[in-house]
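Some notes on the structure that comes next.
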Amino acid sequence: MSRNGDTQILTKGQTAFDPQVYRKDFPVLSREVYGKPLVYLDNAASGQMPVQVMDVWKHYHEFYHSNVHRGVHALSQQATDAYEGAREKIRNHINAASEKEIVYTYGTTDSINLVAYTYGNQHISEGDEVIISHMEHHSNIVPWKRLCDEKGARLKVIPINDAGELDVEAYREMLSERTKLVGIVHVSNALGTINPVKEIVAEAHKWNVPVLVDGAQAMPHTQVDVQDLDCDFYAFSSHKYYGPTGFGVLYGKKDLLEQMQPFRGGGEMILSVSFDEIIYNKVPYKFEAGTPSIANAIATGAAIDYLNSVGLERIAAYEHELLTYVTEKLEQIDGLKLIGTAENKASVISFVLENIHPHDIGTVLDQQGIAIRTGHHCAQPVMERFNIPATSRASFAFYNTKEEVDVLAEGIYKVIELFS
Ligand code: 7TS
């Protein structure tokens, strides 16, 4: 149900999902840019926030803003309850076995760095190997490359085919007793490819190798079940699934988290401190040094409530409908080439236009109120694989409409006209 109480009643011939019901919850979607209605197609960079989430964030500041885990006063207790309540919502949402497995971080990047500089630092030595794929975001490349360089270990890269799909057979052959960790993106931000993560994990586990999944782009589109995937770590950011920026999660299996050294040192992550000895706190607090992002944690719980009220299965089905629609539309445009045509794809569409630089495409579309992202999308190896400097990327959320796809297509025709 939306905030204003609307429910969807299906009549014959009507689509099962009406984005208009939800658009009302996102005030930014009704604004104009350069006098044109905003068409927001940059959801892979950051999703918009519904008022229900903003209300929760605001309510915390208006009524019980205070620090957590350290005050006996009412405000601090209320903040702590809401903060820990959000942890339980997140646990339940991804089906983790325990709330001890939910580590609060500042985002996907922070979560991956945490694993690299704790687990990675402890377990990777000279001659070892870390496997990642050719379609990783830089945040799942740079920490591993740095670590491998420091340790004299080797970074191995799973190749991708021309459609932007993983070569799973090549991956199987890469695994060996030298492999110490596999890092894999669940959904590619540059290509939209949905990777067979469960299979990747199962293969790694045959060698007793843990797998870290970068779930930044999967969370807004799919119902993630970490126990079903059996992944060892799962990293994600709140702002990609309609929560605030500056907050994220690292899911980690409890036994692994317990073996890991702390990441940052400071308050909260300790049980006792003297100049002779430090005793660290239990998980997950061992990894949560300093005053955390309290309001953002609480708001993330609200974002999960919101997503669940819409229904992730319905979201996935509708977004798939949008993806099919936009793919058909864009395929009809002469000189346009799609980059990333995997069979299993999320609602992200990257393309290039013959002889027109993506930056020019983005600028002309922007003038028509259409927000897309152009560039390498922090996935430069993907660009190198397809021999292009950059792409234009439109990424869709459940509040986008087919009419907006039409506006995008018209906008692209205008770009072509302008540059021909
Ligand atoms: N992993 C993937 C797959 C991503 O898409 C992103 C962000 C990150 C990691 C990093 O997330 P952060 O919240 O820590 O920054 N991707 C994008 C993007 O596609 N456009 O802007 C940010």
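Bear in mind these aren't lab numbers, they're just calculated from the coordinates by the rules spelled out. Note that the coordinates shown come from a computational prediction; the quantities given were computed from them, not determined experimentally. Ideal geometry is used to build each Cβ from the backbone, glycine not excepted, and the neighbour counts take in all protein chains shown.
For the range 149-224, calculate the relative contact order in percent as a whole number, restricting contacts to Cα pairs under 8 Å that are 6 or more residues apart. Reported as a whole number, the value is 29 percent. The packing ranking of peptides 47-53, 296-302, 363-369, highest mean first, is 296-302, 47-53, 363-369, where packing means the average number of other beta carbon atoms within 10 angstrom of each residue.
Net charge in the neighbourhood of Gly252 (other residues with Cβ under 15 Å of its Cβ; Lys, Arg +1, Asp, Glu -1) is -2. Using the charge dipole of the chain (Lys, Arg: +1 at Cβ; Asp, Glu: -1 at Cβ; taken about the Cα centre), state which of His239, Thr179, Thr291 has its Cα farthest towards the positive end. Working it through, the farthest residue towards the positive pole turns out to be Thr291. Across all directions, the shadow cast by the convex hull of the chain built on its C-alpha atoms averages 22.6 square nanometres.
Helix check for the chain. Which DSSP H runs span at least 24 Å along their own axis by Cα, with a mean Kyte-Doolittle hydropathy no less than -1.0? Passing helices, by number: 74-94, 294-310, 312-331, 402-419.
Between Gln261 and Asn208, the simple spin-label model (points 7 angstrom out along Cα→Cβ) gives 2.2 nm. I'd like the distance between the alpha-carbon centres of the range 215-248 and the range 347-393, rounded to an integer number of Å. With the range 215-248 and the range 347-393 each reduced to a Cα centre, they are spaced 25 Å. For the range 21-32, what does the Karplus curve 6.51 cos²θ - 1.76 cosθ + 1.60, with θ = phi - 60°, yield as ³J(HN,Hα) per residue in whole Hz, taken in order and with x for Gly and Pro? With the stated coefficients, the range 21-32 comes to 4, 9, 4, 4, 7, 10, x, 4, 5, 9, 8, 10 Hz. Under 5 Å between amide hydrogens, built in the peptide plane, is the criterion, and for Lys156 it picks out Val130, Ile131, Ile132 among residues at least 5 positions away or on other chains. Taking every DSSP helix (H) stretch of at least 4 residues in the chain, weighting each as -39,500 (n - 2.57) and dividing the sum by the residue count yields a mean residue ellipticity at 222 nm of -10500 deg cm²/dmol.
Each of Leu257, Leu75 has some number of other Cβ atoms within 10 Å of its Cβ, and from fewest to most they run Leu75, Leu257.
Residues whose amide H falls under 5 Å from that of Tyr280, counting only those 5 or more places apart or on a different chain, are Leu271, with hydrogens built in the peptide plane. In the range 54-308, Cα pairs under 8 Å separated by at least six residues give a relative contact order of 25 percent. Counting 0.36 nm for each residue step from Lys254 to Asn344 and taking away their Cα separation leaves a gain of 29.3 nm. Phi-derived couplings, Karplus 6.51 cos²θ - 1.76 cosθ + 1.60 at θ = phi - 60°, listed residue by residue for the range 338-352: 7, 10, x, 10, 4, 5, 9, 10, 8, 7, 10, 10, 10, 8, 10 Hz, with x used for Gly and Pro. Amide H contacts for Tyr106 (H built 1.01 Å from N in the peptide plane; partners 5 or more residues away or on another chain; cut-off under 5 Å): Ser111, Gly248. Exposure proxy ranking for Trp207, Trp57, based on other Cβ atoms within 10 angstrom of each Cβ and starting from the fewest, stands as Trp207, Trp57.
Extension gain for the segment Glu321 to Lys58, taken as residue separation times 0.36 nm less the Cα-Cα distance, is 91.2 nm to one decimal.
Cβ crowding within 10 Å, taken as a proxy for footprinting-reagent exposure, orders Ile349, Ile356, Ile124 from fewest neighbours to most as Ile356, Ile124, Ile349. A simple packing score, the average count of other Cβ atoms within 10 Å per residue, orders the peptides 318-329, 179-190 as 179-190, 318-329, with the highest score first.
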